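J.: Quick one: the structure is below, and I'll ask about it shortly.
The values are calculated or read from the model by the stated rules, or taken from the named source; none is laboratory data. If you're wondering where the values come from, they're calculated on a predicted model, not measured in any experiment. Every residue, glycine as well, gets a Cβ built from its backbone with ideal geometry; the counts of neighbours run over all protein chains shown.
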Amino acid sequence: MSKGFYEFFCPVKVIAGEAALEHIPFELSALGASKPLLITDKGVRGAGLTDHVTGACEESGVTMVAVYDDVPPDSSTDVVREIAELYRSSGADSIIAVGGGSVIDTSKGVNVLVSEGGTDIAKYAGAGVLKRPLKPFFVVPTTAGTGSEVTAVAIVADKTKGVKLPFGSPFLLPNAAVIDPRMTLTLPPHITAATAMDALTHATEAFTCLAKNPLSDAYATGAIRKISDNLLKVMDNPKDVEGRLELAQASTMAGIAFSNSMVGLVHSLGHATGAICHLPHGMCMSLFLPYVLEYNLSKGESREALAELLLPLAGAEVYAATPEGQRAEKAIATIRDLREELYDRCKLPRTLEETGKVGRDQLPRIADMALDDGSIMFNPAEADFDEVLSVLNQAWN
Amino acid sequence: MSLQQIKLQAMSQSKRLYVTTMMQVVGRALQSISEQDEEIRKITSVFPVGFVFSMQVLPEGPGFALRKNADNSLAFLSELPEEKPDLTIYIKHLEHAFRILSFQESTAKAFANDRMLVDGDISYAIRMTRALNRLEAFILPKLVAQLAVKEYPDIPLPEKVIHGARIYLRVATNLISQQVKFA
Ligand SMILES: [Fe+2]
């Protein structure tokens, strides 16, 4: 089926591969910047990852004017304000974010404040409020999953009001995403697995949900192929530089895909479960992915798309050996097999029960919350409360 | 002016007329259905009382607005409010509004196709989209409604017929009384 209409947008320069970090000084000077503020978290700094970045810059005579290394996993407007003050007092003229989803979202918020002025970031919440480019901004992802380096959105919690502020604007996008295999080389196995499954979910939902389009499809299938070719290799050999780079690129490609075609019910369920039971996002994705795909298939949706995904998921031989009518089911089975392999290697939970953090009595609340999640709009099959609850029950054990 | 230009202008005028009328019909029908249908009131129950929802075509309308009452029903506002509504679904162009309101493109599809944007809380927008889907199922013949919504809700026939008839009736009487007022 050809798509009647679509939009596709990704103006982020991608700088990827060995010694990619060493391109940062040149890229900074190309934008007229020389005094970057580095934003990260304690874990990333403790693992010595920021040293690679500062080292690469110093060799070219660029010194960080300040480093903020205390971004919490669930960032807030207070943290954004604190970092904006540091930016101003240190005389910085650009931002380098080194970290995962929280660091990147926080840095997007900081860039809004330091570019637009003031201390109240809530003023700029919503879609399309920003009207002009912000300060030079680079993102160095340290997990291969979220894809936040190529998404034009950020979520920052306002803890005093107890609300999550959404920001959406193309100006939130960094000038460049710098993908260097050194940054993910030391990721522990369970995080490698969970974040890769997040990326796999981004690509799979981008390819199966309502806003799919030919350009995002190309990124999605490319990402899936890289993940299925490399994830288990990296799990078995964490120091596999090439494999790490492939996973990191897959994450960015999946990010480009889903930021242009959105995600679906796996994410609605994941967001709700994450909020209520405090489970990591990637773990939720891995957990729900096959159940939601089965649900969509049972409602007569996604058969063609899933059948196509068997090729990047399982390779040409399996694809060719599977009769056309069974390819969709085989694609889901391939994802299930991958989850089994990951469970063997790092105990990544396959069911809600296995997480040990979800009570069966919480499922109705999760279902309720998932129904209000933004991503449910783009799921190919409609789902009401009872249907969402039955998917949750399927995922229970 | 060439014949082609005249034709285009006439087409655009009739589209505008159609969209303007349908916006009114949908707005009024939402009020009617919210007074009678428990499900719709469940959908609106999380909105604060006085919450204003609007749907507008960019750049300057047409559109409609509704305000939530204490009993979770929705009151149709005869004019678009001066101050910014709590939630607005903007349709980017008259042509897109025409496709949506003539049920050639479903609301979910219209969101997926970037025809519409949300100004306000996205979870509220999803709830309003559900309300619109339910409304469409009520007031449209099944065949047309299936085009407009992702899934036709499983409403037993008598209920649907009764509801549908009632809503048609309310919409018609509302429109007629309005016309009488203006006449
Ligand atoms: Fe995700």
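J.: Which number in (1) within 12 Å of another protein chain (Cβ to nearest Cβ); (2) out of contact with any strand residue (DSSP E or B) (no Cβ under 8 Å at 6 or more places or on another chain); (3) at pLDDT 85 or above marks the one condition that B:LEU117 misses?
T.: Status for B:LEU117: all satisfied but (2).
J.: Out of all the residues in region A:184-213, which are farther than 27 Å from A:GLY300 by Cβ and either within 14 Å of chain B (Cβ to nearest Cβ) or of a type in the set (A, V, I, L, M, F, W, C) (or both)?
T.: Of everything in region A:184-213, those that are farther than 27 Å from A:GLY300 by Cβ and either within 14 Å of chain B (Cβ to nearest Cβ) or of a type in the set (A, V, I, L, M, F, W, C) (or both) turn out to be A:LEU185, A:LEU187, A:ILE191, A:ALA193, A:ALA194, A:ALA196, A:ALA199.
J.: Another question, then. Only one of these is modelled with pLDDT under 95 and in contact with a helix residue (DSSP H, G or I) (Cβ under 9 Å, 6 or more places away or on another chain): A:THR195, A:THR201, A:THR186. Name it.
T.: Just a single option satisfies the conditions, and that option is A:THR186.
J.: How many of the residues in region A:374-395 are buried (at least 21 other Cβ atoms within 10 Å of the Cβ) and not aliphatic (A, V, I, L, M)?
T.: Number of matching residues: 4.
J.: Sticking with this one: Would a scan of region A:59-70 turn up a residue that is under 21 Å from A:VAL150 (Cβ atoms) and either touching a residue at least 12 places away in the same chain (Cβ under 8 Å) or not acidic (Asp, Glu) (or both)?
T.: Looking for residues that are under 21 Å from A:VAL150 (Cβ atoms) and either touching a residue at least 12 places away in the same chain (Cβ under 8 Å) or not acidic (Asp, Glu) (or both), one finds none in region A:59-70, hence no.
J.: Under the condition of being of a type in the set (D, E, K, R) and farther than 18 Å from B:ARG67 by Cβ, which residue from region B:3-30 is modelled with the lowest pLDDT?
T.: Here the answer is B:LYS7.
J.: When you go through A:ALA193, A:ALA211 one by one, which is the residue that is in a loop (DSSP other than H, G, I, E, B), more than 14 Å from A:ILE224 (Cβ to Cβ), in contact (Cβ under 8 Å) with a residue 40 or more places away in the chain and within 16 Å of the ligand (Cβ to nearest atom)?
T.: Just a single option satisfies the conditions, and that option is A:ALA211.
So that you can scan it fast, the table gives a plain yes or no per residue for (1) within 14 Å of another protein chain (Cβ to nearest Cβ); (2) within 23 Å of A:SER268 (Cβ to Cβ):
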{"residue": "A:SER298", "(1), (2)": "yes, yes"}
{"residue": "A:GLY315", "(1), (2)": "no, no"}
{"residue": "A:ALA320", "(1), (2)": "no, no"}
{"residue": "A:THR334", "(1), (2)": "no, no"}
{"residue": "A:GLU341", "(1), (2)": "no, no"}
{"residue": "A:VAL358", "(1), (2)": "no, yes"}
{"residue": "A:ALA383", "(1), (2)": "yes, yes"}
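J.: Go through (1) within 14 Å of chain B (Cβ to nearest Cβ); (2) away from the ligand (no atom under 12 Å from the Cβ); (3) not acidic (Asp, Glu) and name the single condition A:GLY243 misses.
T.: (1)
J.: Need pairs with beta-carbon distance below 6 Å; first residue farther than 13 Å from A:THR54 by Cα and acidic (Asp, Glu) and within region A:9-38, second surrounded by 14 or more Cβ atoms within 10 Å (Cβ to Cβ) and modelled with pLDDT of 95 or more; sequence gap 6+ or separate chains.
T.: A:GLU27/A:ALA176
J.: Also, quick follow-up: Looking only at region A:345-397, how many residues end up being over 30 Å from A:VAL234 (Cα atoms) and among the hydroxyl-bearing types (Ser, Thr, Tyr)?
T.: Total meeting the criteria: 2.
A quick yes/no check of all residues on (1) closer than 15 Å to A:LYS108 by Cα; (2) of a type outside the set (Phe, Trp, Tyr); (3) crowded, with 24+ Cβ neighbours inside 10 Å:
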position	(1), (2), (3)
A:VAL153	yes, yes, no
A:LEU165	yes, yes, no
A:PRO174	yes, yes, yes
A:ALA203	no, yes, yes
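J.: Could you tell me whether A:PHE171 is more than 16 Å from the ligand (Cβ to nearest atom) and among the aromatic types (Phe, Trp, Tyr)?
T.: Yes: the conditions hold for A:PHE171.
J.: Hey, among the residues in region B:71-114 that are free of Cβ contacts under 8 Å to residues at least 40 places away in the same chain and at positive phi, which one's nearest to the other protein chains (Cβ to nearest Cβ)?
T.: Within region B:71-114, the match that is nearest to the other protein chains (Cβ to nearest Cβ) is B:ASP114.
J.: Report yes if some residue within region A:91-108 is assigned by TED's automatic domain parsing to the domain that holds A:SER29, over 28 Å from A:GLY55 (Cβ atoms) and either within 16 Å of the ligand (Cβ to nearest atom) or in contact with an Asp or Glu (Cβ under 9 Å, 6 or more places away or on another chain) (or both); otherwise report no.
T.: no
J.: Of A:SER268, A:SER251, A:SER228, which residue is touching a residue at least 60 places away in the same chain (Cβ under 8 Å), of a type in the set (S, T, N, Q) and within 21 Å of A:ALA367 (Cβ to Cβ)?
T.: On inspection, the qualifying residue turns out to be A:SER268.
J.: In this structure, does A:TYR319 turn out to be more than 16 Å from the ligand (Cβ to nearest atom), surrounded by fewer than 21 Cβ atoms within 10 Å (Cβ to Cβ) and either within 23 Å of A:GLY359 (Cα to Cα) or among the aromatic types (Phe, Trp, Tyr) (or both)?
T.: So A:TYR319 passes the test.
J.: Go through region A:282-316 and give me each residue that's buried (at least 21 other Cβ atoms within 10 Å of the Cβ) and either over 16 Å from A:VAL388 (Cα atoms) or touching a His at 6+ places or on another chain (Cβ under 6 Å) (or both).
T.: If the condition is that a residue be buried (at least 21 other Cβ atoms within 10 Å of the Cβ) and either over 16 Å from A:VAL388 (Cα atoms) or touching a His at 6+ places or on another chain (Cβ under 6 Å) (or both), then A:GLY282, A:MET283, A:SER286, A:SER302, A:ALA305, A:LEU306, A:LEU309, A:LEU310, A:PRO312, A:LEU313, A:ALA314 are the ones that fit.
J.: Does at least one position in region A:69-88 carry a residue that is in a strand (DSSP E or B), farther than 16 Å from A:ASP180 by Cα and more than 14 Å from chain B (Cβ to nearest Cβ)?
T.: yes
J.: Then there is this: Among (1) hydrophobic (A, V, I, L, M, F, W, C); (2) crowded, with 21+ Cβ neighbours inside 10 Å; (3) in contact (Cβ under 8 Å) with a residue 40 or more places away in the chain, there is one condition A:ALA275 misses while meeting the rest; what is its number?
T.: In the conditions (1) hydrophobic (A, V, I, L, M, F, W, C); (2) crowded, with 21+ Cβ neighbours inside 10 Å; (3) in contact (Cβ under 8 Å) with a residue 40 or more places away in the chain, A:ALA275 misses (2) alone.
J.: Hey, could you check region A:138-149 for residues that are touching a Leu at 6+ places or on another chain (Cβ under 7 Å) and within 13 Å of the ligand (Cβ to nearest atom) and say which is nearest to the other protein chains (Cβ to nearest Cβ)?
T.: Looking at residues that are touching a Leu at 6+ places or on another chain (Cβ under 7 Å) and within 13 Å of the ligand (Cβ to nearest atom), I get A:THR143.
J.: Looking for something more than 12 Å from the ligand (Cβ to nearest atom), of a type in the set (S, T, N, Q), at pLDDT below 95 and touching a Lys or Arg at 6+ places or on another chain (Cβ under 7 Å) - is there at least one such residue anywhere in region A:250-262?
T.: Checking region A:250-262: at least one residue is more than 12 Å from the ligand (Cβ to nearest atom), of a type in the set (S, T, N, Q), at pLDDT below 95 and touching a Lys or Arg at 6+ places or on another chain (Cβ under 7 Å).
J.: Specify the residue that is farthest from A:PHE8 (Cα to Cα); the eligible residues are those in region A:263-296 that are out of contact with any Pro (no Cβ under 8 Å at 6 or more places or on another chain), within 12 Å of the ligand (Cβ to nearest atom) and within 14 Å of chain B (Cβ to nearest Cβ).
T.: For region A:263-296, the residue satisfying everything is A:HIS271.
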